[in-house]
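What follows draws every value from the coordinates through simple rules; no lab data is involved. Since the model is a prediction, treat every value here as computed from it, not as a measurement. Glycine also receives a Cβ, built like all others from the backbone with ideal geometry; neighbour counts cover every protein chain displayed.
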Amino acid sequence: MRYNRKQVLDRLHAQLEHGHPIVGAGAGTGISAKFAEAGGADLIIIYNSGRYRMAGHGSLSGLLAFGDANQIVYEMGEREVLPVVRDIPVIAGVNGTDPLRQMPHFLRRLDDLGFSGINNFPTVGLIDGKFRRELEATNLGFAREVEMIRTAHEMGFFTIVYVFNPEESAMMARAGADVIIAHMGLTVGGSIGLDRDGGVAMRLEDAPAAVQAIGDAATAVNRDVLLVSHGGPIATPEDAAYVQARTSAVGFIGASSMERLPVEVAITDTVRAFKAAPLRRGG
């Protein structure tokens, strides 16, 4: 079902008024989306990494040259997700740096298909160092994503965006973003996530300060912006509750934590249980 920006925001604020956090679920398959909705998700977000993730590959595959990210999202929406989601908004993750798209035209196609909102993924925000500087210097940087979100906002889309630091948060708030997702990095856990104690992922204890700094930068521009968290050490409901208790974050957006990690556990445990079922011995 297609919702306009006001309708999506009204639904989210109604959840908050009833004391419920906002929960968005990334979906790489139709069945993930279907049962995220059954579990009470407020939003479904689809982007190219979901397809790679549910094919058994790391989510960062979505940042590499393995396919047309925007076409993947269009096809996932048309053939897998939109046909099975009944009553909640579905958000499209759009590669805003794509130089081969007439972005307003592509956004209109997503609108016509039934998407209710726009997210910026794949995002160069996950890239740093020399490569990031060179992307920025060649007009393939975060500013392109900001402009895509500005265009989507002006077209009447609900917008929910990944940011990685206070500066990006303020940029997106000025572009009209409705919800800021404080992205803490690649999600820990499971077979293809980061090791929580491996020295690469942020510590959970450090996440609240980082999340709040991002939120403060956004609300300094627009006090109506909503703040939610995502990724890194925030991988379980308990992790999300820890962050929400210590920040102004009003919810959580999960991708690996909503579909990959639960599927890894469920399939492994189910197969083990079948293998443990005893046979009748002869006699």
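Observations on the model:
- Computed over the chain, relative contact order equals 18 percent, with contacts defined as Cα pairs under 8 Å that lie 6+ residues apart.
- Angle in degrees between helix 261-276 and the longest Cα principal axis of the chain, rounded to the nearest 10: 10 degrees
- Residue ranges 62-68, 37-43 sort as 37-43, 62-68 when ordered by packing (mean number of other C-beta atoms within 10 Å per residue, highest first).
- Couplings for the stretch 12-18, taken from phi via the Karplus curve 6.51 cos²θ - 1.76 cosθ + 1.60 with θ = phi - 60°, read 5, 5, 5, 4, 5, 5, 8 Hz in order; Gly and Pro are left as x.
- Spatial separation of Cα centroids for the stretch 1-61 and the stretch 237-270, in angstrom: 13 Å
- The ranking of S229, S257 from fewest to most other beta carbons within 10 Å of each one's beta carbon is S257, S229.
- Nitroxide proxy distance, nm - points 7 Å out along Cα→Cβ at H57 and D128: 2.5 nm
- Charge dipole of the chain (Cα centre as origin; +1 on each Lys and Arg Cβ, -1 on each Asp and Glu Cβ, all else neutral): 720 debye, rounded to the nearest 20.
- CD proxy at 222 nm, helix term only [per DSSP H run n ≥ 4: -39500 (n - 2.57); per residue of the chain; nearest 500]: -12500 deg cm²/dmol
- Cα long-axis angle, helix 142-154 against the chain (0 to 90 degrees, to the nearest 10): 80 degrees
- Ordering T187, T219, T123 from the fewest to the most neighbouring beta carbons within 10 Å gives T219, T123, T187.
- Classification of the stretch 5-276 by its C-alpha gyration tensor yields a rounded form. The axis ratio a/c (a ≥ b ≥ c) stays under 1.5.
- Label positions at E75 and D206, each projected 7 Å from the Cα along the C-beta direction, are separated by 3.9 nm.
- Taking amide H as placed 1.01 Å from N in the peptide plane, T159 has its amide H under 5 Å from the amide H of I118, D178, V179, each at least 5 places away in sequence or on another chain.
- Of the residues V225, A249, I192, the one whose Cα sits farthest towards the positive end of the charge dipole of the stretch 143-249 is V225 (charges of +1 on Lys and Arg Cβ, -1 on Asp and Glu Cβ, taken about the Cα centre).
- Ranked by how many other beta carbons lie within 10 Å on average, peptides 21-30, 144-153, 105-114 from highest: 21-30, 144-153, 105-114
- For the stretch 215-225, backbone phi angles converted through the Karplus equation (6.51, -1.76, 1.60; θ = phi - 60°) give residue-by-residue couplings of x, 4, 5, 6, 6, 5, 8, 8, 5, 8, 5 Hz, Gly and Pro being listed as x.
- Taking θ as phi - 60° and the Karplus parameters 6.51, -1.76 and 1.60, the scalar couplings of the stretch 112-129 work out to 4, 6, x, 5, 9, x, 10, 10, 9, 8, x, 10, 6, x, 7, 10, 9, x Hz in sequence order, x denoting glycine and proline.
- Overall form of the stretch 109-194 per C-alpha gyration tensor (a/c, 1.5; a/b vs b/c): oblate
- Residues whose amide H falls under 5 Å from that of I22, counting only those 5 or more places apart or on a different chain, are G251, F252, with hydrogens built in the peptide plane.
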